[in-house]
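Here is the structure we will look at, set down as structure tokens.
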Amino acid sequence: MPARRILITGVANFWGTGLARALLADPDVEQVVGIDTREPPSDVASAIRLIDADLRTPELRTLIRAAAVDAIVHADVPQFPEPGRAARQLHDLTVMGTLQLLAAAGDLPTLRTLVVRGSASIYGSEPAAPAFFSEEMALRPGATRFQRDLQEIETLVGGLARRRADVTCTMLRLQPVIGVQLDTPITRLLRAPVVPVMLGFDPRVQVLHEDDSVAVLRQAVHHPVAGAVNVAGPGTISLNAAIRRMGRPAVPVPHPFFGPVAGVARRIGLPPMSDDTIRYLRYGRGVALERMTNELGFTPSYDTRGAIDAVAADLRKAAAA
Amino acid sequence: MIGRLRTILGPPADEDAWGYDERFVRASQPLLDLLYDRWWRVTATGAQHLPASGRAMIAANHAGVVPWDGAMVSTAVRRHNGRDTRALVLNWAFELPWAGTAIRRGGGVPASPANARRLLEEDHLVLVFPEGAKGISKPFSERYRLERFGRGGFVATALRAGAPIVPCAVVGSEEIHPKLAEAPGVAKLLGMPYLPITPTFPLLGPLGAVPLPSRWRIEFCPPIDLSAYGPEAASDRRLVLELTDAIREQIQAKVYENLIKREGAFL
């Protein structure tokens, strides 16, 4: 295996930084190139070649061509929409950035592997949803803006895969990632002093531990598979059972009032919630993991319950310290 | 009693990946037993046809406005065969608070080919009502005349999963809420699939939700082994429709047979 040169977008975020650290420790990795407008932690910043650029800048093509990498890991796709950001701005960040990146990737003759850290939010949360979405079930029109953005990203990746038969494009669809180092709508919700839930609803949820979310990116860099792969800790847990294991009090709110109550909660300092999050709290989501296990060859170290318990233990430790 | 109520109403203790909660099922069994033994005085026959292990699909006729038939067939299976059933349930139910959660904890899943196939591949006993919403919403005047079985999706799924189908005839479910008319305008307003008008509902208000104490019979027929056809046969439309019609006719015949055996509808 020749020495590998790998480019990571969003290198200053949790996944980009974690992956850069893991790859720098791999003996066959020659160089890691990172793209971000923010500065990654100093140990990573000093060990990689950092390109200080936004994915939407026109110079991106030249910069990426000069890097001559054989793998690109796009770790800059949001897992959940950031509430408070305008839908158009979010669309611009997620879709336009990816569009530019993939255009540049398509021109790169050395490229053999593309890994995109996508989101299982592409399936949405529906009352009539299959209990375990398998990868081919993401074709239906998305119910929310963010779902449609994710679908657009996957279409772009599919386009590159068709144009460049010599590039293996792996589209990872991660279930919500939880962990103490992370700051996402779901982790914020689980860390809130009280957790609003919908009265009479107790959806099945499935999560991925933060350590596994980095490990799966590394696995995909070394063993890419073509197409989409769901990623989650095996098993599911009902939301109320998860909240109880986290040791948080759940506050049931009748579902017709949930939106307004979430708005008031936000004003008193509780984390804001997007439509996607609210639907998730009502209907949950489970995904099928056969491709992850059999084709990607990845086994998470935590199943869903194990991940919940690990984070709960970490939070208790943090509170005691 | 308090402990049991807490199990039923409280957060789930140990659900499987489908959200099925065995402790919830055990805790709610006494209520179902009461309905089974005292209220509807169910006679179940043919339980020896249910496989002791491995995948199988039970296909039954559907009736009664409120789908109590699912709970009664499941109870009959548990009594005589000892196994738990997983029922495919009308999707709309999962939009409801409490009911949706309770159905899921009791083994119900949204009716879809993907769910049915996965359950069968995990060697569960899957209960389907091929008539779907058409079955439970038909008027009292059409009782015990089976609706069409759609496009036979349940047969295609059983073929793909290599599961035998156990036809099942239920008698008694049609009389629990005799539907005289419908209020489609109100139903639309409330987002319901339909809103029935029965002799007791909405006249008696919430009391109208109490089902009438009809006498029930449930008969399980010998399993239909589909393994000779192979999974590719699922895309053979003609075969799927033929099998579907044969199963429907068999259930219809058994329904008539049990109606005669039952004698009085209520006494």
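The values are calculated or read from the model by the stated rules, or taken from the named source; none is laboratory data. Computed from a prediction, not measured in an experiment: that's the story for all the values here. Because the Cβ atoms are built from the backbone with ideal geometry, glycine has one as well, and the counts that use them run over all protein chains shown.
No other residue among A:49, A:56 is among the basic types (Lys, Arg), out of contact with any helix residue (DSSP H, G or I) (no Cβ under 7 Å at 6 or more places or on another chain) and within 22 Å of residue A:15 (Cα to Cα) apart from A:49. Quick one: which residue in A:57, A:9 is touching a His at 6+ places or on another chain (Cβ under 9 Å) and of a type in the set (S, T, N, Q)? Answer to the selection: A:9. For residue B:116, the criteria (1) surrounded by 21 or more Cβ atoms within 10 Å (Cβ to Cβ); (2) over 22 Å from residue B:251 (Cβ atoms) hold in every case but one, which is (2).
Could you look through the stretch A:169-207, keep only residues that are more than 14 Å from chain B (Cβ to nearest Cβ) and charged (D, E, K, R), and pick out the one that is surrounded by the most Cβ atoms within 10 Å (Cβ to Cβ)?
Step one: filter the stretch A:169-207 for residues more than 14 Å from chain B (Cβ to nearest Cβ), giving A:169-174, A:176-194, A:196.
Remaining after also requiring charged (D, E, K, R): A:173, A:183, A:188, A:191.
Details: A:173: 25, A:183: 12, A:188: 16, A:191: 18.
Among residues in the stretch A:169-207 that are more than 14 Å from chain B (Cβ to nearest Cβ) and charged (D, E, K, R), the one surrounded by the most Cβ atoms within 10 Å (Cβ to Cβ) is A:173.
Among the residues of the stretch B:116-159, those identified as more than 14 Å from chain A (Cβ to nearest Cβ) and of a type in the set (Ser, Thr, Tyr) are B:137, B:141, B:144.
Kindly provide the set of residues from the stretch B:158-178 that are in a strand (DSSP E or B) and in contact with a Leu (Cβ under 9 Å, 6 or more places away or on another chain), ordered by number.
Residues of the stretch B:158-178 that are in a strand (DSSP E or B), as a first pass: B:165-171.
Within the stretch B:158-178, B:165, B:166, B:168, B:171 qualify.
Within the stretch B:179-230, being over 23 Å from the mean Cα position of the chain (by Cα) and in a helix (DSSP H, G or I) holds for B:184, B:185, B:186, B:188, B:189, B:190, B:205, B:206, B:207. Which fully enclosed strands (runs of 3 or more DSSP E) of the stretch A:161-252 have 1 or more residues being within 22 Å of residue B:15 (Cβ to Cβ)? Ranges flagged: A:195-198, A:227-231.
Suppose we filter A:288, A:307, A:312 for residues that are crowded, with 17+ Cβ neighbours inside 10 Å and in contact with a Leu (Cβ under 8 Å, 6 or more places away or on another chain); which single one remains? Unique residue meeting the criteria: A:307.
Taking the stretch A:1-119 and the helices (runs of 4 or more DSSP H) fully enclosed by it, the elements with 3 or more residues that are under 23 Å from the mean Cα position of the chain (by Cα) are at A:14-24, A:87-91, A:97-106.
Being in contact with a strand residue (DSSP E or B) (Cβ under 6 Å, 6 or more places away or on another chain), surrounded by fewer than 20 Cβ atoms within 10 Å (Cβ to Cβ) and modelled with pLDDT under 95, is that true of even one residue in the stretch A:6-28? Within the stretch A:6-28 (the criterion being in contact with a strand residue (DSSP E or B) (Cβ under 6 Å, 6 or more places away or on another chain), surrounded by fewer than 20 Cβ atoms within 10 Å (Cβ to Cβ) and modelled with pLDDT under 95), the answer is yes, since at least one residue qualifies. Within the stretch B:40-65, being surrounded by 18 or more Cβ atoms within 10 Å (Cβ to Cβ) and among the hydrophobic types (A, V, I, L, M, F, W, C) holds for B:40, B:42, B:44, B:50, B:56, B:57, B:58, B:59, B:60, B:63, B:65. Scanning the stretch A:234-252 for residues that are more than 11 Å from chain B (Cβ to nearest Cβ) and surrounded by 18 or more Cβ atoms within 10 Å (Cβ to Cβ), we see that the one that is nearest to residue A:316 (Cα to Cα) is A:246. If you go through the stretch A:125-146 and keep only what is surrounded by 17 or more Cβ atoms within 10 Å (Cβ to Cβ) and away from chain B (no Cβ under 14 Å), you end up with A:142, A:144, A:146. Taking (1) under 21 Å from residue B:196 (Cβ atoms); (2) in a helix (DSSP H, G or I); (3) touching a strand residue (DSSP E or B) at 6+ places or on another chain (Cβ under 8 Å); (4) not small (Gly, Ala, Ser) in turn, residue B:79 satisfies each apart from (1). Check the stretch B:146-153 and report whether any residue there is of a type in the set (Phe, Trp, Tyr), in a loop (DSSP other than H, G, I, E, B), farther than 25 Å from residue A:127 by Cα and at pLDDT below 95. No; the residues of the stretch B:146-153 include none that is of a type in the set (Phe, Trp, Tyr), in a loop (DSSP other than H, G, I, E, B), farther than 25 Å from residue A:127 by Cα and at pLDDT below 95. Going by the structure shown, is residue B:50 over 18 Å from residue B:31 (Cβ atoms) and within 14 Å of chain A (Cβ to nearest Cβ)? Here the answer is no, as residue B:50 does not meet what is asked. Quick one: how many residues across the stretch A:239-274 are of a type in the set (A, V, I, L, M), out of contact with any strand residue (DSSP E or B) (no Cβ under 7 Å at 6 or more places or on another chain) and modelled with pLDDT under 85? The number of residues fulfilling the criteria is 4.
Using the structure shown, decide if residue B:6 is at pLDDT below 95, over 15 Å from the mean Cα position of the chain (by Cα) and not in a loop (DSSP other than H, G, I, E, B). Spell out the reasoning first.
Values: at pLDDT below 95: yes; over 15 Å from the mean Cα position of the chain (by Cα): yes; not in a loop (DSSP other than H, G, I, E, B): yes.
When the stated conditions are applied, residue B:6 passes them.
Of these, A:276, A:212, which one is crowded, with 21+ Cβ neighbours inside 10 Å, away from chain B (no Cβ under 14 Å), acidic (Asp, Glu) and farther than 17 Å from residue A:312 by Cα? Of A:276, A:212, the one residue that is crowded, with 21+ Cβ neighbours inside 10 Å, away from chain B (no Cβ under 14 Å), acidic (Asp, Glu) and farther than 17 Å from residue A:312 by Cα is A:276. The residue that is farthest from the other protein chains (Cβ to nearest Cβ), among those in the stretch B:83-115 that are in contact with a strand residue (DSSP E or B) (Cβ under 6 Å, 6 or more places away or on another chain) and among the aliphatic types (A, V, I, L, M), is B:87.
Quick test for you: out of A:259, A:158, A:227, pick the one residue that is out of contact with any Pro (no Cβ under 7 Å at 6 or more places or on another chain), closer than 29 Å to residue B:98 by Cα and away from every other protein chain (no Cβ under 14 Å).
Working: A:158 fails: closer than 29 Å to residue B:98 by Cα; A:227 fails: closer than 29 Å to residue B:98 by Cα.
So the residue among A:259, A:158, A:227 that is out of contact with any Pro (no Cβ under 7 Å at 6 or more places or on another chain), closer than 29 Å to residue B:98 by Cα and away from every other protein chain (no Cβ under 14 Å) is A:259.
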